[in-house]
1. Are there any chymotrypsin sites (Phe, Trp or Tyr not before Pro) in the range A:18-84 that are in a DSSP loop and have at most 16 other Cβ atoms within 10 Å? List them by number.
2. Please work out how much length the chain gains when fully extended from A:Phe124 to A:Val70, using 0.36 nm per residue of separation minus the C-alpha to C-alpha distance, in nm with one decimal.
3. In the neighborhood of A:Met22, defined by Cβ-to-Cβ distances under 12 Å, what is the net charge if each Lys or Arg adds +1 and each Asp or Glu adds -1?
4. Pop a pseudo-label 7 angstrom from the Cα along the beta-carbon direction at both B:Ala72 and B:Val112 and give the gap in nm to one decimal.
5. Using helices alone, I'd like the mean residue ellipticity at 222 nm for chain A: each DSSP H run of four-plus residues gives -39500 (n - 2.57), total over residue count, nearest 500.
Amino acid sequence: MAEQRARPLSPHLGIWRWGPGMAASIFHRISGGALTVAGLAVLTWWLLALAKGADAYGDFAAIAQTWVGVVVLIGLTWAFFQHLFSGIRHLVMDTGQNFDLKPNKASAVSTFVGSVVVTAAIWFYLLGVAK
Amino acid sequence: MSLGDSSTELGKVRGLGSAREGGEHWISERVSSLALLLLGVWLIASLLFLPGLDYGTLREWLRSPLGAVPMALFVITSFYHGLDGLKVVVDDYVHEPGSNFALNTLLLFVAVFGAAFALFALAKIAFGAAA
């Protein structure tokens with residue numbers, strides 16, 4: 001019987017470098033986690049404040065309009081659109097398409113461009129018009 | 001899951017291979033993502049196109065069927081999809097079966113509790129007195 005040699009293992013977690021594809025993948029997970037933990041907490045808090053009354057909602061709105069509150073809400077907006085766009089990309093890839101290197105890279109980059117552009121547009125509108 | 005020695009050959013392998021078992025979670029994550037694509041865009045667009053984000057306007061919106069019903073669906077689907085996503089993260093990184101079960105069960109309880117709270121708040125708004 002042949003001598004037992006160490007079998008080659010997949011590089012897995014040890015060997016990787018930054019690129020649009022891996023960035024889209026890891027940010028899909030990070031944005032999904034942030035939306036679930038922080039996003040759903042804010043959603044529930046917002047609904048509870050609205051249910052409780054005008055004073056409670058006033059407290060919520062006051063906190064939401066501090067700079068920390070605005071940064072969190074901008075972050076959640078970006079996470080929402082990043083997760084939405086990379087989610088659509090995942091659904092396309094689930095059908096077996098978009099695996100050629102160049103189109104795949106282009107779609108990964110476009111998720112970031114799209115999420116930043118939409119988030120910026122929404123917040124320019126909100127901060128410019130609503131205040 | 002194998003049912004033990006008393007089960008048939010088929011019974012022993014059921015659920016162990018790519019036999020249309022185990023894919024439910026993967027499918028449910030994607031179906032709920034499609035629902036959230038619609039409901040999430042509805043929520044963001046509604047908040048942007050409402051005449052204001054003050055207490056009275058939001059209460060009036062969530063008391064109308066076209067505000068309350070999609071919001072209830074959004075709450076249910078977002079907690080469901082968020083739990084599906086966090087389960088994938090837990091299964092990826094927590095390998096010890098006891099810890100994996102404990103953490104997934106904890107997340108399930110937190111998600112159901114959070115969703116119930118959010119739905120209670122929404123019901124209170126929708127069925128309560130006008131602001």
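Taken together, the values in this text are just the output of simple stated rules run on the coordinates, not laboratory data. Since the structure is predicted, the reported quantities are computational estimates derived from the model, not experimental observations. Glycine also receives a Cβ, built like all others from the backbone with ideal geometry; neighbour counts cover every protein chain displayed.
1. On the way: sites: A:Trp18, A:Phe27, A:Trp45, A:Trp46, A:Tyr57, A:Phe60, A:Trp67, A:Trp78, A:Phe80, A:Phe81; in loops: A:Trp18.
Those that pass, being in a loop and sparsely packed, are A:Trp18.
2. Numbers: separation 54, 0.36 × 54 = 19.44 nm, distance 1.21 nm.
Extra length from A:Phe124 to A:Val70 when fully extended: 18.2 nm.
3. Details: positive: A:Arg17, A:Arg29, A:Lys105; negative: none.
Once positives and negatives cancel, what remains is +3.
4. 2.0 nm
5. Details: 5 runs with 92 residues, N = 131.
It lands at -24000 deg cm²/dmol.
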